[in-house]
Amino acid sequence: MANIQYGVRVPAFPVDGSREHNFTAQIEATLAAVSGRFHSAWVADHFIPWAGWQAADIDTLECLASICYLAGAFPQLHFGTIVLCQSYRNPALLAKMGATLQLLSQGRFILGIGAGWKADEYAAYGYEFPKPAVRIRQLEETVEIVKRLWTETPASFAGTYYRIDNALCEPKPNPRPPIMIGGGGEQLTLRVVAKHADWWNIPGGDAARYAQKLDVLRSHCDAVGRDFDSIRKTWAGETLSVAPTRAQAQRYADASPFAAGGGIVGAPEEVADQLRAFTSLGVDYFILRFTDFPSIEGSLLFAEEVMPLLAE
């Protein structure tokens with residue numbers, strides 16, 4: 001599969017005790033290194049750290065504010081959200097923000113969005129945290145509103161949870177950013193994906209799990225009359241540890257707070273083999289977190305040795 005594209009995860013918080021400008025300098029060094037090699041960079045939508053980190057004294061960057069700055073600083077990269085929590089922003093305001101960012105970045109924004117999950121974050125910031133089925137229905141209404149505001153003038157929508165009434169969103173984003181819906185819930189979330197997503201993403205897991213989710217997604221597409229092949233299949237490797245030797249790559253994985261010793265691990269040829277399990281299922285976009293950050297060696301080795309292997 002020669003048309004595979006790659007994105008790199010931008011850490012939302014430091015993993016080595018760095019603070020403020022030291023941490024942002026690490027991000028900028030990474031993006032400078034991958035510009036022209038990777039297609040995109042992606043920022044998570046959280047206000048406090050996760051993966052077992054204590055939140056009290058760790059700097060954490062807000063997603064859309066970070067993308068606004070980074071998209072201007074690195075014009076060779078597209079920028080995506082992985083994934084926005086639909087609960088955190090009014091849907092109409094989100095549509096307006098996305099349209100503005102698409103204009104200012106000259107078409108380099110990808111809207112990734114999901115139903116939200118981090119209960120302690122909701123509580124800390126004063127958001128209601130309804131049951132999953134409600135959050136997923138809210139996600140669908142949010143996507144409906146975003147799509148209408150990006151395509152209709154004026155736009156109206158009356159849902160159970162959200163509404164707009166003759167709302168304006170000018171200028172319209174051109175081209176319209178892809179809407180990537182994240183999640184793998186088989187009864188509800190994947191049905192929303194089938195109805196509304198341009199791209200689908202699921203984080204982590206092995207190829208067997210991905211294949212199972214694809215089967216469910218296909219059945220939902222059949223049920224709603226959607227062309228299954230029209231949805232771009234993406235996979236977010238929560239951790240990727242690559243080094244000249246497997247032993248060194250394993251050391252990166254073992255030291256990562258995200259990997260717990262797992263994820264994609266190996267020398268370049270081994271990493272390519274593990275990713276081929278996904279490309280054989282139709283995945284043509286990988287969004288990857290490199291466990292040796294703030295080093296740039298892993299991302300550069302991946303670009304120089306793994307990408308060519310997967311292009312064969």
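None of the figures in this text is laboratory data; all of them are computed from the coordinates on show. Nothing here was measured: the structure is a model prediction, and the numbers come from that model. So basically every Cβ, Gly included, is an ideal-geometry build from the backbone, and we count neighbours across all protein chains shown.
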List the chymotrypsin sites (Phe, Trp or Tyr not before Pro) within the stretch 10-109 that DSSP assigns to loop and that have no more than 16 neighbouring Cβ atoms inside 10 Å. W53
Calc'd 3J(HN,Hα), the stretch 280-288, phi into Karplus 6.51 cos²θ - 1.76 cosθ + 1.60 (θ = phi - 60°), Hz, glycine/Pro = x, comes to 5, 8, x, 5, 10, 8, 10, 10, 10
Largest first and in whole Å, give the semi-axes of the stretch 71-129's equivalent ellipsoid, each being the square root of 5 times a Cα gyration tensor eigenvalue. 26, 12, 9
Expressed in Å to one decimal, the Kirkwood Rh of the chain from all distinct alpha-carbon pairs is 20.0
Report the one residue of F157, A211, A243 whose Cα lies farthest in the direction of the positive end of the charge dipole of the chain (charges on C-beta: Lys and Arg +1, Asp and Glu -1; origin at the Cα centre). F157
Kirkwood hydrodynamic radius (C-alpha pairs) into Stokes-Einstein, the stretch 1-153, 4 °C and 1.567 mPa s, D in µm²/s: 78
Does the stretch 167-248 come out rounded, prolate or oblate by the C-alpha gyration tensor, with a ≥ b ≥ c the root eigenvalues, rounded set by a/c under 1.5 and, if not, prolate when a/b is larger than b/c and oblate if not? oblate
For D284, enumerate residues with amide H under 5 Å from its amide H, sequence gap 5+ or separate chain, H modeled in the peptide plane. K233
Can you find, among N166, V83, L139, the residue sitting farthest towards the positive end of the charge dipole of the stretch 43-168, where Lys and Arg contribute +1 and Asp and Glu -1 at Cβ? N166
Dividing the convex hull volume of the alpha carbon atoms of the stretch 150-211 by its residue count, what do you get in Å³ per residue? 112
Any chance you could count the Lys pairs in the chain whose alpha carbons are under 29 Å apart, treating pairs 8 or more apart or on different chains as valid? 24
Cα-based equivalent ellipsoid, the stretch 159-312: semi-axes from gyration tensor eigenvalues, Å: 34, 18, 15
In nm, to one decimal, how far is the modelled label at V224 from the one at E186, with both set 7 Å along Cα→Cβ? 1.8
Which residue fluctuates most in the GNM of the chain (Cα springs below 10 Å): P11, P244, P268? P244
Among DSSP bridges having both ends in the chain, what percentage is antiparallel? Round to the nearest 5. 10
Rough spin-label spacing in nm, given labels placed 7 Å along Cα→Cβ, for E28 and V134: 4.4
Mind telling me which of L61, L281, L70 comes out most flexible in a GNM of the chain, alpha-carbon contacts under 10 Å? L281
Potential lengthening between T160 and L93 on full extension [0.36 nm per residue; Cα-Cα distance subtracted]: 22.3 nm
